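The block underneath contains the structure these notes are about, expressed in structure tokens.
The values are calculated or read from the model by the stated rules, or taken from the named source; none is laboratory data. This structure is a prediction, so every number in the text was calculated from the model and none was measured. Cβ atoms come from the backbone with ideal geometry, glycine included; neighbour counts cover every protein chain shown.
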Amino acid sequence: MESRSQVRRRGADTVAAVDDLFAPPGPEWRRISPRLATIRRLVLSAAAVLTAVVLLILWRMDALSGRSVLLLEVLLLAVFGWAWWLVGRNAAHWGYAEEDDELHITSGAYFRRLVVVPYGRMQYVDVQSGPLDQLYGIAKLQLHTASPGTSATIPGLPAEEAARLRDRLTALGETQAAGL
């Protein structure tokens, strides 16, 4: 039977092996703009305020009791606080690394993901920026390949970086006989 220290050591080795799986190919990941978290938190705040207003209207119409509204408002506040924290944590875990032959994209704080897109497999590169993205000067870069499983997205890039990356990926895709 294993001792507690052996179980902990085995667990630490497993975590280290998983961390190595998601390690950057070079010195470090290039991170996205923290403005993405700001935008997502604005949308989250608007949804929370709207929900709170609806609950208050239902209370004023006597559709809900005061106790029910209070309980739901406390629950809303707890969910809002957790989501606020989660949005920041998620945005902080997006990253990408440019290699000679491929682009590595990582995301996810709890459910981690690593996508490796060979430049030669890219068909086209798409840059998108919605109204809030434009207001905050960020864009989303989407890579399309022949296989939907290797298509990838990098949200929250500063607009200048999105343009630079789009141009570089397009040039690399063309030189490596891709369908760009």
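Go through Gly108, Gly88, Gly95 for me and flag whichever is within 30 Å of Glu174 (Cβ to Cβ), surrounded by 12 or more Cβ atoms within 10 Å (Cβ to Cβ) and small (Gly, Ala, Ser). Walk me through how you get there before you give the answer.
Details: Gly108 fails: within 30 Å of Glu174 (Cβ to Cβ); Gly88 fails: within 30 Å of Glu174 (Cβ to Cβ).
Answer to the selection: Gly95.
Quick one: Arg40 ticks every box in (1) in a helix (DSSP H, G or I); (2) among the basic types (Lys, Arg); (3) under 24 Å from Asp167 (Cα atoms) except a single one, so which number is it?
It fails just one condition, (3).
Which residue pairs have Cβ atoms closer than 7 Å, lie 6 or more positions apart in sequence or on different chains, and pair a first residue in region 34-51 that is among the aliphatic types (A, V, I, L, M) with a second residue that is modelled with pLDDT of 95 or more and outside any helix (DSSP H, G or I)?
Close Cβ pairs satisfying both conditions: Leu36/Ile138; Leu36/Pro155; Leu36/Gly156.
Results for (1) out of contact with any Cys (no Cβ under 7 Å at 6 or more places or on another chain); (2) more than 26 Å from Arg35 (Cα to Cα); (3) in contact (Cβ under 8 Å) with a residue 60 or more places away in the chain, shown as yes or no for each residue.
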site	(1), (2), (3)
Thr106	yes, no, yes
Arg113	yes, no, no
Pro131	yes, no, no
Leu135	yes, no, no
Ile138	yes, no, yes
Gln142	yes, no, no
Ala159	yes, no, no
Arg166	yes, no, no
Gln176	yes, yes, yes
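Does Glu98 satisfy the condition of being of a type in the set (Asp, Glu) and within 18 Å of Gly156 (Cα to Cα)?
Yes; evaluated as a whole, the condition is true for this residue.
List pairs: first residue in region 73-101 and closer than 20 Å to Thr38 by Cβ, second residue among the hydroxyl-bearing types (Ser, Thr, Tyr) and surrounded by 12 or more Cβ atoms within 10 Å (Cβ to Cβ) anywhere in the structure, Cβ distance under 7 angstrom, at least six positions apart or on different chains.
So the pair list comes out as His93/Ser107; Trp94/Ser107; Gly95/Thr106.
Out of the residues in region 61-101 that are touching a Ser or Thr at 6+ places or on another chain (Cβ under 9 Å) and outside any helix (DSSP H, G or I), which is nearest to Gly26 (Cα to Cα)?
Here the residue is Ala97.
Is it fair to say Arg31 is over 17 Å from Ser107 (Cα atoms), surrounded by 13 or more Cβ atoms within 10 Å (Cβ to Cβ), basic (Lys, Arg) and in contact (Cβ under 8 Å) with a residue 24 or more places away in the chain?
Judged against the criteria, Arg31 is not a match.
Would you pick out the residues in region 157-176 that are exposed (fewer than 14 other Cβ atoms within 10 Å of the Cβ), within 14 Å of Val125 (Cα to Cα) and within 25 Å of the chain's Cα centre (by Cα)?
Arg164, Asp167 - these are the residues of region 157-176 that are exposed (fewer than 14 other Cβ atoms within 10 Å of the Cβ), within 14 Å of Val125 (Cα to Cα) and within 25 Å of the chain's Cα centre (by Cα).
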